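Taking it in order: structure first as structure tokens, then the write-up.
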Amino acid sequence: MKWIMKGKVWKFGDNVESESIITMDIVRLHPTDPKYLAKYCMVTIDPDFPKKVNKGDFIVAGRNFGCGHGLHWEGPLAIKGVGISALIVESVARDFFRTAITFGLPILLSRGIMEKVNQGDELEIDLTKGKITNLSSGETIEADSLPDYLVRIVKAGGLIDFLKEEKGSPLF
Amino acid sequence: MGMTITEKILARSSSKKKVSVGEIVLAKPDIAVNMDTFFPFIIKALNKIGIEGVWDPNRVIVVFDHKIPADSVNVAEMHKTIREFVKETGIKYFYDVGRGGISHQLMAEKGHARPGMLYVADDTHAITLGALGTFAVALGFDIVSVLTTGKTWFKVPESIKFNIVGNFDKGVMSRDLIQRIVGDLGSDGALYKVMEFDGPTVGAMSIDGRMTMCNAVNNAGAKTGIVNPDQKTIDYVKRRTKESFDVLKSDKDAEYTDILDYDVTKLEPQVTLPPTPVNVKSVVDVENVEIDQAYIGSCASGRMEDLRVAARILKGKRIHPRVRMFIVPSSQEVYQRATNEGLIEIFGQSSALVCAPSCGPCAGYWGTLAAYEVCVATSVLNTPGRMGSHKSQIYLASAATVASSAIEGKICDPRGFM
């Protein structure tokens, strides 16, 4: 299965907390609309982020992305809602990783990515091969490919759509 | 090469002889535990997928513990929807208001969590049940995969072994140890790994103490915590259920990424400072921080061991006039036992408010903080806004430290009260 994406980089640092992606006062309302959540995406870190992002852009970040309370769906939904199509990170908190996959937001792990990519760079990423090409610098970067089963969930658009497709299959 | 207890449980539940670290496996949990706040969204998801019923109504458990008692029409309607769903689908184990308590405590008490199980729940602190030798994983919304297909994906984790020796000083508890460990590791020190707790100190710990240890490992980025089952575990579980279980343990030649030694002999009571759960110092460095609120409870430390030490400190005393104190037993059973032992009377006489077993103040549902107020608590997390105003401050500590601080009106070393 081939899965290639192209987009512009929005760079963040280490330890981006889930509670910074979407704050607790919004989480407590349990919103589920990505368009609503998009307005608040990352605003505690960059208040203008939702206005600046274009559809198909990427977030590149350092270690432990999504740490804290990563099981809140509001974070991944906000990131998708704002137009981001994939995350490329040094490492990811496990709760956030599972939630992102469940809500159809692909994440690539790439050690050293922060040194190889700058804010605004254009990247082409191959999720099934784990290959990143920095079109702005010409450099090829290694990443862990997204495992097959997770590719299937994310490509379907998330767990609910995946399970709808799989109804009647041996998975059930 | 041998296997860790984690690898054994994942192998068994994915029908494999062996699993490799980093591998993605499709495994079948033994039970799936759901709490109230997520469940209406889960019901909507099941409808969207077009599934009637759940995978196994004897293995899906529902507990009301977060937003109880219902404090608004919205929440009451939410609870009503869940009750109807439970009835329609024939879910066998449903712990409604007054019949249970915080799910992570309840699953131990009712014998639902047993050694050798692959245990999953929607809530983050499912990890608590690793104390009983289960591989306990928090799935969040991915629990929908289990409720429909009976399985989901797991990435086989590496494990860190902790060899813990020594006896705790009076007034020092397992809570202080896990806070110190989390502080030492930092927020990704155990990223995606299992923290396996071992050594004579763990052997000597009560099940309550082991649950407190496993409860906090996510703050260091861990996937879960686990304690190999021993006779104490077996006795605890057998007292609570006749259901069978497998005592799986790590092999002597199992592989770990690190083996870390801790000696608790000189361990001082620890305090976790705002704004993160890894900002951990000795209480000696934090004394004299004035507090407005004190809270003992939550799935981290609302058990008999915690209430007993708090009662020992509070007996015959009044809390500081500025301080309001909430004591929340983690389950109806804990509440009843505390009553039988005369602890509730001690709490009331100290001017503490004893409240209904629930998650409550920990997640900011009630007992909330105003701007610039300071709370010392046994809750699970101290990030800004967790218990109310973004401008309030939460310090985390053991029940002993919280009780002594409530008396003094400022963060206080409990060893002086023992």
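Shown for B:Ser404, B:Ser187: other C-beta atoms within 10 Å of each C-beta, ranked fewest to most, produce the order B:Ser187, B:Ser404. As a rough guide to protection, the peptides B:118-125, B:39-46 ranked by mean Cβ packing within 10 Å, highest first, stand as B:118-125, B:39-46. Counting only Cβ charges, +1 for Lys and Arg and -1 for Asp and Glu, the dipole size of chain B around its Cα centre is about 720 debye.
Show me the ranking of peptides B:334-340, A:135-141, B:57-63 by mean Cβ neighbours inside 10 Å, starting with the highest.
B:57-63, B:334-340, A:135-141
Calculate the FRET efficiency for B:Thr241 and A:Leu135 from the Cβ-Cβ distance with a Förster distance of 45 Å, rounded to the nearest 0.05. FRET efficiency, B:Thr241 to A:Leu135: 0.15.
Placing unit charges on each Cβ (+1 for Lys and Arg, -1 for Asp and Glu) gives the protein assembly as shown a dipole about its Cα centre, and among B:Ala76, B:Pro269, B:Ser405 the Cα reaching farthest toward its positive end belongs to B:Ala76.
With each label point set 7 Å from Cα along the Cα-Cβ vector, what nm distance links A:Arg28 and B:Lys232? Once both label points are built, they end up 3.7 nm from each other. Per-residue 3J(HN,Hα) values for segment B:115-127, derived from phi via the Karplus relation 6.51 cos²θ - 1.76 cosθ + 1.60 with θ = phi - 60°, read x, x, 7, 8, 10, 10, 8, 6, 7, 3, 8, 3, 4 Hz in sequence order (x marks Gly and Pro). Sorting B:256-265, B:224-233, B:379-388 by average packing, meaning the other beta carbons within 10 Å per residue, from highest down gives B:379-388, B:224-233, B:256-265. Annotation note: trypsin sites (Lys or Arg not before Pro) in segment A:5-61 located in DSSP loop regions with a Cβ neighbour count of at most 10 within 10 Å are A:Lys55. Each principal axis of the Cα cloud of chain B was taken in turn, and the coordinate range along them, longest first, works out to 57, 54, 39 Å.
Please figure out what share of the DSSP beta bridges in chain A is antiparallel and state it in percent, rounded to the nearest 5. Here the share of antiparallel DSSP bridges comes out near 50 percent. According to the calculation over all Cα-Cα pairs in segment B:31-176, the P(r) per 5 Å bin from zero is 2, 9, 18, 21, 18, 13, 8, 5, 4, 2, 1, 0 %.
Bridgeable lysines around B:Lys249 (alpha carbons under 16 Å apart, same-chain partners fewer than 8 residues away excluded): B:Lys8, B:Lys17, B:Lys18, B:Lys161, B:Lys232. With a Förster radius of 35 Å applied to the beta-carbon distance between B:Glu287 and A:Asp144, the computed FRET efficiency rounds to 0.15.
Around the amide H of A:Ile88, modelled in the peptide plane, lie the amide H atoms of A:Ile59, A:Val60, A:Ala61, A:Leu108, all under 5 Å away and 5 or more residues distant in sequence or on another chain. Per residue of B:138-149, other chain Cβ atoms within 10 Å of the residue Cβ number 6 on average. Taking 20 °C and 1.002 mPa s as conditions, the protein assembly as shown diffuses translationally at an estimated 88 µm²/s according to Stokes-Einstein applied to its Kirkwood radius (Cα pairs). In a simple Cβ point-charge model (Lys, Arg +1; Asp, Glu -1; nothing else charged), segment B:318-418 has a dipole of about 280 debye relative to its Cα centre.
Mind checking which of B:Lys17, B:Lys110, B:Lys281 has the largest fluctuation in a GNM of chain B, springs on alpha carbons under 10 Å? Looking only at B:Lys17, B:Lys110, B:Lys281, the largest GNM fluctuation is found for B:Lys17.
Extending 7 Å from the Cα toward the beta-carbon at both B:Lys87 and A:Lys52 defines two label points whose distance is 5.4 nm.
If both residues of a DSSP beta bridge must be in the protein assembly as shown, then about 30% of such bridges are antiparallel. List the lysines whose Cα sits under 28 Å from the Cα of A:Lys52, skipping any in the same chain fewer than 8 residues away. Result set, ordered by chain and number: A:Lys6, A:Lys8, A:Lys11, A:Lys35, A:Lys39, A:Lys80, A:Lys116, A:Lys131, A:Lys155. Averaging Cα coordinates gives a centre for segment A:62-128 and one for segment B:264-314; these two points are 35 Å apart.
Between rounded, prolate and oblate, where does segment A:13-54 land on the alpha carbon gyration tensor, with a ≥ b ≥ c its root eigenvalues, rounded for a/c under 1.5, else prolate if a/b exceeds b/c?
Details: a/c = 2.21, a/b = 1.14, b/c = 1.93.
In terms of gyration-tensor shape, oblate.
Give me a single rounded figure for B:69-80: the average over its residues of other chain Cβ atoms within 10 Å of their Cβ. Spell out each step's value before the answer.
Numbers: counts 0, 0, 0, 0, 0, 1, 0, 0, 0, 1, 0, 0.
For this peptide, the per-residue mean of nearby foreign Cβ atoms is 0.
Cα centroids of segment B:1-76 and segment B:102-135: 11 Å apart. Cross-link pairs exceeding 29 Å between alpha carbons, from the set A:Lys55/B:Lys48; A:Lys51/B:Lys193; B:Lys87/B:Lys151: A:Lys51/B:Lys193.
Centroid-to-centroid, using Cα positions, segment B:193-262 and segment B:318-382 are 28 Å apart.
Within the straight-line cut-off of under 20 Å between alpha carbons, the aspartates and glutamates reachable from B:Lys170 are B:Asp208, B:Asp263, B:Glu268, B:Asp285, B:Glu287, B:Glu305, B:Asp306, B:Glu408, B:Asp413, sequence neighbours fewer than 8 places apart in one chain being disregarded. If you run the Gaussian network model on chain B, springs between alpha carbon atoms under 10 Å, then out of B:Ser244, B:Ser159, B:Ser392 the most flexible one is B:Ser244.
Filter the DSSP H helices in chain B by two things, a Kyte-Doolittle mean of at least -0.5 and an axial alpha-carbon span of 18 angstrom or more, and list the hits by number.
Values: long enough: B:73-89 (24 Å, -0.43).
Helix filter hits for chain B: B:73-89.
Treating the beta-carbon of each Lys and Arg as +1 and of each Asp and Glu as -1, no other charges, what is the dipole magnitude of segment B:84-167 about its Cα centre, to the nearest 20 debye?
On the way: 8 positive and 8 negative charges, 62 e Å.
The calculation lands at about 300 debye.
Laboratory data are not the source of any read-out in this text; all were calculated from the coordinates shown. These numbers come from a predicted model, not from an experiment. Counting neighbours? That spans all protein chains shown, and the Cβs are built from the backbone with ideal geometry, glycine included.
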